[in-house]
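**Q** Okay, here's the structure, questions in a sec.
What follows is calculated from the coordinates using simple rules that are stated; it is not laboratory data. Note that this is a predicted model, so its numbers are computed, not measured. In this analysis, Cβ positions are derived from the backbone assuming ideal geometry, glycine residues included, and neighbour counts consider all displayed protein chains.
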Amino acid sequence: MHKILNPDLCILPVAFLITICYNTSCKDNVYKKKGKQTMVKMLVFDMDGTIADFYGVPNWLNDLEAENTRPYAEAEPLYNMQELCSVLHMLSDSGWKIAITTWLSKTGSAEFNKRTAEVKKAWLAKYSFPYDEIHCVKYGTTKANCTRKKADFQILIDDNEKIRKGWTLGGTIDANKNILPILKNLLDID
């Protein structure tokens, strides 16, 4: 028997819950698992302010203006990474794909943005954050364009309300709240 998500924790479309709970097959991105068709589901994580406390690094803006990657490297995790990564591994094992879509500096040069992308990847590796793909993209890029054809249903986890409101590929999770209970609930509906 499948549990339904607690409506107080997040907002997900009813169609998603029905699709996930009853394993309705979709036209695209369907694969067979033990003879059964399964839809492809994806969690899309932002980084700065979502899983990394980038804005908590002293003088982060001055560093960006000076094209110094220090704030990206020194940002502390916003969660217990052992617990978060454990949940993400369980979600991955149950069929969820995990993507990172993160903006680069608003005013950075091409060289600075290249270094920033490398530092962000190193940050993820330092904390053993599991992911299937990463997109380090120009500031302001529509995040949905990075993963649009990658999965039937996607959930964006982001701290930016404007970006969440513009998301059209499925549900969103407000990263200004504790995302762990919501992610754990996703395990219950698979």
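**Q** Once R0 is set to 45 Å, what does the formula 1/(1 + (r/R0)^6) return for the Cβ-Cβ distance between residue 188 and residue 141, expressed as a FRET efficiency to the nearest 0.05?
**A** Working from the Cβ atoms, E equals 0.85.
**Q** Ranking 141, 172 by Cβ neighbours within 10 Å, fewest first, what do you get?
**A** By the 10 Å Cβ count, ascending, the order reads 141, 172.
**Q** Let me ask something else. With the contact rule set at Cα under 8 Å and sequence spacing of 6 or more, what percent relative contact order holds for region 51-146?
**A** Dividing the mean separation by the residue count of region 51-146 yields 32 percent.
**Q** List the chymotrypsin sites (Phe, Trp or Tyr not before Pro) in region 121-190 that DSSP assigns to loop (not H, G, I, E or B) and whose Cβ has at most 13 other Cβ atoms within 10 Å. Which are they?
**A** Hits after loop and neighbour filter: 139.
**Q** Quick one: which residues, 5 or more positions from residue 42 or on another chain, have an amide H under 5 Å from its amide H? H modelled 1.01 Å from N in the peptide plane, none for Pro or chain starts.
**A** So residue 42 has HN proximity to 97, 153, 154, 155.
**Q** Oh, and also: Could you give me the ³J(HN,Hα) list for region 116-121, computed from phi with Karplus coefficients 6.51, -1.76, 1.60 and θ = phi - 60°, whole Hz, x at Gly and Pro?
**A** 4, 4, 5, 5, 5, 5
**Q** Just list whichever of 97/150; 97/165; 114/162; 97/184; 126/165 have alpha carbons separated by over 20 Å in the model shown.
**A** 97/165; 114/162; 126/165
**Q** Hey, another quick one. Using C-alpha positions alone, give me the convex hull volume of region 43-110 per residue in cubic angstrom.
**A** Working: hull volume 5.8 nm³, N = 68.
Roughly 85 Å³ of hull volume per residue.
**Q** Something else about it: How high is the FRET efficiency between residue 89 and residue 109 when r is their beta carbon distance and R₀ equals 45 Å, given to the nearest 0.05?
**A** Details: r = 37 Å, r/R0 = 0.81.
Step by step, r from the Cβ atoms, then E = 0.80.
**Q** Please order 47, 81 by the number of other Cβ within 10 Å, starting at the fewest.
**A** Fewest-to-most ranking of 47, 81: 81, 47.
**Q** Stretched out fully, how many nm does the piece from residue 177 to residue 80 gain, at 0.36 nm a residue minus the Cα gap?
**A** 33.5 nm is the gain from fully extending residue 177 to residue 80.
**Q** Could you list 138, 121 in order of exposure, starting from the residue whose Cβ has the fewest other Cβ atoms within 10 Å?
**A** Ordered from fewest to most neighbouring Cβ atoms within 10 Å, 138, 121 come out as 138, 121.
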